[in-house]
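The values are calculated or read from the model by the stated rules, or taken from the named source; none is laboratory data. Small disclaimer: the values here were computed from a predicted structure and weren't measured. Note that each Cβ is placed from the backbone with ideal geometry, even for glycine, and that neighbours are counted across all protein chains shown.
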Amino acid sequence: MKVLFSTSIFLLLTLGLGAAKPLNFVLILVDDLGWMDLSCQGSKYYETPHLDRLASEGMRFTDAYAACAVCSPTRAAVQTGRYPGRLGVTDWIRSRFQGGKIPANKKNPSGYTGGRNRKFMVPKNALWMESSEVTIAELLKPAGYVSCHIGKWHLGADEWYPQKQGYDFNFGGCDYGQPPNYFDPFNQPKHRHAMIRAGIPHLPSRKKGQYLSDREAEEAVAFIEKHKHKPFFLNMDNYAVHTPIQAKTEVTAKYEKKPKTNQKSAKYAAMVESVDDCAGRIIETLEKHDIADRTVIIFTSDNGGLLGPTNNAPLRSGKGYAYEGGIRVPLIVKWPGTVKAGTTSSEPVTSVDYFPTIAEAARLELPEGVEIDGTSLMDHLESGGKKSLNRKAIYWHFPHYRHNPGPYSIIREGPWKLIHFYDGPMELYNLKDDLGEKKNLASSMPSKVKELDARLLAHLESIGAKMPKPNAEKK
């Protein structure tokens, strides 16, 4: 059963004489876009003119983070304002074609799993985000907002699709973590699973050969044009730039002629450009209908860039890893009349902050009886980045085996970042002095390690995070 919200504040402020029209919200969450994958972030190879313009007209954050180094936990955190450890969605969700079979009792997996040669047993990951969680769409609905999801969802199968979580429209949101193909009909006709042979649910074939990012842009434009006279929320979750690395031939050819840097995949560069084009179409449509001045745009990514297709230097490593390349992401916020154009912020912010920010911007109360982990960015945005969030720390929790040395949790407090590897030694970095995480200070600063670790473990206990536990069967 969903929690109902009080909309009294909203109604008082929007129904009075001369009241300003409600804000619209566009949240663009790109899949696997790395911290260095925009020209305004420093890329010398990729071209992102529309997003560069967005940054010049808003605030660009240098220390923004995804809530996890892989996709589903971040997506759940964005939707709810709650940490993945609290939600129980701490790894990417297996789609049905990947063996993510929905239990007959419709209860998420519980208990632990692990091999005999592993030191720890780890909690089973969820197969969906629970319906009881309150999404941004459900937060906004009582205030008269119409909501649309486009692109990747990856938070559960049929009964947990966007339209079951408060969204009025859903184009392409399903349990897929990636598209079968980036070209219409978006399928793999010889795949063993019928779903993949059929394409992307809720995004039927329309123009054979059309690129997926262009189709997503078309759906976004159509939604905005149809609902331009109402308050709306557009959750634009591009499938790109996730694998498979497929791009338009003509755009790829342009990058093949460019001088290479440490970023050198022409196909990946073309995918980045297609995402930029999609954002440009959305911005153009808002301006065309004179609603850009009352539309808040938040642009970010669900985790760091995948090593191979891209390069996250000067950050260490990439998607899936506990290092900055896995969790630090681009973030741009444009809010005409509120956010000063061309500003840059080094305030550490993370995925759970968008829910309370949208709530405050829409003048809505947070859901009753729900612990929200995020902090509203309103004061920080309005002050041009001068007002700190006064938040002690931000946290991550990935209690699973993926890469050596296995499960980990993280705390960032000020410049300090502690990685608690459960099956390996602690790692401590001063990000102000060592952005590339080259010098592990743990052995030379044991008191700082002890202090941060105590705070990290206390936080994990407070949110009820499922922890790795010793494996009694380990030989």
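Summary of computed values
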item	result
Residue within the range 65-79 that is assigned by TED's automatic domain parsing to the domain that holds Val333, more than 11 Å from the chain's Cα centre (by Cα) and modelled with pLDDT of 95 or more present	no
Matching option when the condition is under 18 Å from the mean Cα position of the chain (by Cα), assigned to a helix (DSSP H, G or I) and at pLDDT 95 or above, among Ala126, Ala137	Ala137
Elements of type strands (runs of 3 or more DSSP E) contained in the range 398-441, each with 2 or more residues being farther than 17 Å from Leu460 by Cα and not assigned by TED's automatic domain parsing to the domain that holds Gly88	427-430
Residue pairs meeting the criteria (Cβ under 7 Å; at least 6 apart or on separate chains; first more than 13 Å from Asn235 (Cα to Cα), in the range 146-173; second assigned to a strand (DSSP E or B) and at pLDDT 95 or above)	Tyr161/Asn170
Scope the range 36-92; condition among the small types (Gly, Ala, Ser) and in a helix (DSSP H, G or I); matching residues	Ser39, Ala55, Ser56, Ser72, Ala76, Ala77, Gly85
Residue in the range 149-156 that is assigned to a loop (DSSP other than H, G, I, E, B) and surrounded by fewer than 22 Cβ atoms within 10 Å (Cβ to Cβ) present	no
Residue within the range 376-384 that is within 22 Å of Thr48 (Cα to Cα), surrounded by 24 or more Cβ atoms within 10 Å (Cβ to Cβ), touching a residue at least 40 places away in the same chain (Cβ under 8 Å) and under 19 Å from the mean Cα position of the chain (by Cα) present	no
Some residue of the range 445-460 being exposed (fewer than 14 other Cβ atoms within 10 Å of the Cβ), more than 30 Å from Lys124 (Cα to Cα) and not assigned by TED's automatic domain parsing to the domain that holds Lys319	yes
Among (1) assigned to a loop (DSSP other than H, G, I, E, B); (2) at pLDDT 95 or above; (3) touching a strand residue (DSSP E or B) at 6+ places or on another chain (Cβ under 6 Å), the one test that Tyr395 misses	(1)
Condition broken by Gly464, with the remaining ones in (1) surrounded by 14 or more Cβ atoms within 10 Å (Cβ to Cβ); (2) in contact (Cβ under 8 Å) with a residue 24 or more places away in the chain; (3) touching a helix residue (DSSP H, G or I) at 6+ places or on another chain (Cβ under 7 Å); (4) closer than 22 Å to Ala77 by Cα satisfied	(1)
Scan of the range 413-428 for residues that are more than 27 Å from Pro470 (Cβ to Cβ) and buried (at least 17 other Cβ atoms within 10 Å of the Cβ), ordered by number	Glu413, Trp416
Members of the range 247-275 that are closer than 18 Å to Ile200 by Cβ and part of a helix (DSSP H, G or I)	Met271, Ser274, Val275
Residue list for the range 183-199, filter: of a type outside the set (D, E, K, R), in a loop (DSSP other than H, G, I, E, B) and touching a helix residue (DSSP H, G or I) at 6+ places or on another chain (Cβ under 8 Å)	Phe186, Asn187, Gln188, Pro189, His191, His193
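Let's see how each residue does on (1) at pLDDT 95 or above; (2) part of a loop (DSSP other than H, G, I, E, B); (3) within 30 Å of Leu381 (Cβ to Cβ):
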{"residue": "Pro204", "(1), (2), (3)": "yes, yes, no"}
{"residue": "Ala222", "(1), (2), (3)": "yes, no, yes"}
{"residue": "Ala240", "(1), (2), (3)": "yes, yes, yes"}
{"residue": "Ile245", "(1), (2), (3)": "yes, yes, no"}
{"residue": "Asp277", "(1), (2), (3)": "yes, no, yes"}
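Residues are listed down the side, and each one gets a yes or a no for (1) surrounded by fewer than 16 Cβ atoms within 10 Å (Cβ to Cβ); (2) more than 20 Å from Glu138 (Cα to Cα); (3) not assigned by TED's automatic domain parsing to the domain that holds Ser132:
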residue	(1), (2), (3)
Asp158	yes, no, no
Gln165	no, no, no
Pro201	no, yes, no
Leu212	no, yes, no
Glu219	no, yes, no
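So that you can scan it fast, the table gives a plain yes or no per residue for (1) surrounded by fewer than 24 Cβ atoms within 10 Å (Cβ to Cβ); (2) out of contact with any Phe, Trp or Tyr (no Cβ under 8 Å at 6 or more places or on another chain); (3) free of Cβ contacts under 8 Å to residues at least 24 places away in the same chain:
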| site | (1), (2), (3) |
| --- | --- |
| Met36 | no, yes, no |
| Leu51 | no, no, no |
| Asp63 | yes, yes, no |
| Arg94 | yes, yes, no |
| Asn108 | yes, no, yes |
| Gly111 | yes, yes, yes |
| Gly114 | yes, no, no |
